[in-house]
Structure formats: structure tokens, C-alpha cells
Amino acid sequence: MQKLTISKDELICHKKYFYDNVVDKLNQMKEEYRDGTYISRKQRKFLSLCLYYKKQLAIGKPYQLRKIQQIIDKKYADIFEKDEKFKNAVEKAFGYDDFSSANLGCYLLEYVKKKSNVRQHASYDNKEILEKLYAELEKCDIELANEIRTKIEDLNTNITKKILEKIIGETLVVYIAEKDIPIDRLREWNPYIMQFHRKIRTCPYCNRQYITPIYSKTGKTRADLDHFYSKSRYPYFSMSIYNLVPSCKSCNSSLKGMKEFSFEDKTPYEISMDDSAEFRYWPSCKIEFFEKDKAIHAYKEVFKIEESYEFHRNDAKDLLRKSLRYSSDRIRELAEMGYISEKELYKFIIGKTSTKEKILEEPLNKFKRDIVKEIFGERILKMVEE
Ligand SMILES: [Zn+2]
């Protein structure tokens, strides 16, 4: 509903993660002996192309991804044809499943272990690993590092990787959500960090469901990351940050499912769904999501926007009823009595209405703004929005 943006800090974190994890695996794959056969010359060249464009594949904007796709279409259109194994290996090397399922803290712990002078099999209670961990955390926030140090020192049980991940994860998300710590200085990157840092509250596709993450001792949940360009068809874009759209489960799994957007469609990082269409309501007619820009058509169809919003027609009906009951003359009369201003009266009648910039903060904000604008007019919308 609103154009999504990615912060510079996120781009730094994602690039670091991609270079640490994906690039190595692609290099390994180039050389690897696979099921008794070496990969073909063409496959090797394809991997070299991916490595050449590693920065764009990690943090390239949608137009850069499209350019890469044009090259692939020209030279490697058949690269996965008749070789499902190669395709699966590429998907595995890009490692989206590892990125999305890894515990918070896992990447950081592996990094500090690698950087410490300890044997590969050293256990995580090793003093050198722990000191390296605190040093890494301090680069980001001293208070955070001290809190984690205290929690680890207070442990009455064996220090294992699992326990450390739990402590790091639970402490870190609080600092990211409440204190805006500089995540780019941290050697940890994970979909939870992305979502706690971005603070998007509702699904950008439907604006009907909350997608706020929870990470606690007793359970965790976060928004799905929808691959705008399908992960199975374009495995090389599976870790591209501009191809990952935090969205609700119903939009990602149930509605979008296997349906695919094409390279002509604009991603939510390029198009403002708010500016491209508006809700319209007329009694006894269905709710309409009027397209002002054709680019929004695919979204409207895939996410069944009109069908979903039909459930909210009573909210629109209620606003219409109020507008008929409290005409502008009536409001003016009441305001002239001097007890309450016109603005306060409208706010009281219409209720909380968000500004354009805050559409994703609460469900149905876009719908409410459009209906208020349609029924009461733009002047009143400007008066009540906050
Ligand atoms: Zn949704």
C-alpha cells in the first residue's frame, strides 16, 4: 500500500551476510565434484556470472535485477533445463532456507568462532570465543554487550551454542526495537533483525493484517518474506534484498502461493500502491479498488483486494451514515457555539485517521483515508488525519 524502503544499515548487513555465506558457496560449487560429474563449462560460466554480479544479486535495486535477468535470458535461458540437480544446487548455494530458518545469533557465533584462534570443534564456553563475542557486540552497543555478558556469566548451566543463541536473540531484538542501535556494526543478520529494524506494522500488500514480529522465551513469530520473483524459478534472486517483501501469511502463502509476478510488474519497492489506486464505496454496490495506474492491476488480482475489502463495507457504510447525520452546516453551527472546534468535532465523528505516511501503521488505514476523502472530502481528511 505504501512504497517500501530499505535503510542503508540493512543494505550493509545484507551485503556482509551475502559475501560471507553465498559467495563462498558459489565459489565452492564452481570447483565441486558433484555426484560423480563435474559441472559443465556453461554451468561454470553461469556461476562466474553470478559471482561477477554478486553485489547486485545481494543488494541491487529491482532495475538492476531486471538487467541481470536480461543477460541470463540471452545467454543462459536454458541453464536449468533438464538439470534439476544443478538448479537445486544453485538454490542451496544461495541459501535462502538457511538465512530464513537460522536462529538469531547463529551467524554472529559462527563468525566469532572462525575469527578466534580455537580448534573448529572447540565448545562455545571457550574463553577466547566469549571475549571475541563481547568485543563484536561492543562494536554495536556497549550496554548491549554488557547485558549479554552478565547474562552469560550468571548462567548455572553449560554454555552451549543453543543457549548463547537464545540469550543473544532475546536481548538483541529488544535493543533493535526500542533503542535503534546501529545494526550495520553487528555481525548478525537475520529476517528477525530486518523486521524489528524496519518496524513495518501491517502487511504492505493488503494493509489488513498485522505483521509485527515477536521473539520471546516462549515463542516467536515474524512476517513471511515473499519472493516477489519466485524463488523456484529464479533461485539466483532468492537472496536479493529487493526481492524480499515482508508480508502476511495470507497474502504470501494463501493468495500469492504459486502465482508469479512478471519482470514487467513493479515491486513494492518501486510502486506506491497508495498512489496507484483508491477505494471507492457506493451503497448497494461492491467496494471498488479503482486503478489510477495500470501497474497496480496485478496486485489487485493476486491479492484479491476488492474481495477482501468487501468484508469492511460496514465501516464505509457507517461513515456515510455519520456524514448524512452531521452535515457540514450542522457541524459549523455546533462549532460556532464555541464549545468545541470544527476540527475536534470531525475527529470525534470520523475517528482516528492516519496520514498518508502512516498507512502501514494500522490495518485498514488506506481504506479509511480513501473513504473519508470520498464521503467527507479532501479538506476534512486533511483536518482529521494524524
Ligand atoms: Zn497481507
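Within the set Lys45/Lys132; Lys15/Lys256; Lys294/Lys347, which residue pairs have Cα atoms separated by over 31 Å?
Long pairs (Cα-Cα over 31 Å): Lys45/Lys132; Lys294/Lys347.
What are the ³J(HN,Hα) values, in whole Hz, obtained from phi via the Karplus relation 6.51 cos²θ - 1.76 cosθ + 1.60 with θ = phi - 60°, for each residue of the stretch 293-298 in sequence order, with x given for Gly and Pro?
Ordered by residue, 3J(HN,Hα) equals 9, 4, 4, 7, 4, 4 Hz.
With labels modelled as points extended 7 Å from the Cα through the Cβ direction, what inter-label distance (nm, one decimal) is found for Lys45 paired with Glu288?
5.4
With an 8 Å Cα cut-off and a minimum separation of 6 or more residues, compute the relative contact order for the stretch 141-291 in percent.
14
Just need the relative contact order of the chain here, percent rounded to a whole number, with Cα pairs under 8 Å and 6+ apart.
It comes to 18 percent, rounded to a whole number.
Restricting to Cα pairs below 8 Å that are 6+ residues apart, what does the relative contact order work out to for the stretch 231-371? Please round to a whole percent.
Across the stretch 231-371, relative contact order equals 18 percent.
Quick check for me: using +1 on Lys/Arg Cβ and -1 on Asp/Glu Cβ, what's the dipole size of the chain about its Cα centre, in debye to the nearest 20?
Charge dipole, the chain, about its Cα centre: 900 debye, nearest 20.
So between Arg332 and Asn314, what do we pick up on full extension, going 0.36 nm a residue minus the alpha carbon distance?
Gain on extension, Arg332 to Asn314, equals 3.8 nm.
Using alpha carbons only, how many angstrom separate the centre of the stretch 79-137 from the centre of the stretch 180-259?
Comparing the Cα centres of the stretch 79-137 and the stretch 180-259, I get a distance of 20 Å.
Nearest 5 percent is fine: what portion of the DSSP beta bridges confined to the chain is antiparallel?
95
DSSP loop chymotrypsin sites (Phe, Trp or Tyr not before Pro) in the stretch 211-284 with at most 15 other Cβ atoms within 10 Å of their Cβ, which ones?
The qualifying sites are Phe263.
About the Cα centre of the stretch 237-386, how large is the charge dipole given +1 on each Lys and Arg Cβ and -1 on each Asp and Glu Cβ? Please answer in debye to the nearest 20.
Working: 28 positive and 29 negative charges, 83 e Å.
Dipole size: approximately 400 debye.
Values in this text are rule-based calculations from the coordinates and carry no lab data. A quick note: this is a predicted structure, and the numbers were derived from the prediction, not measured. All Cβ positions, glycine included, derive from the backbone under ideal geometry; neighbour counts span all protein chains shown.
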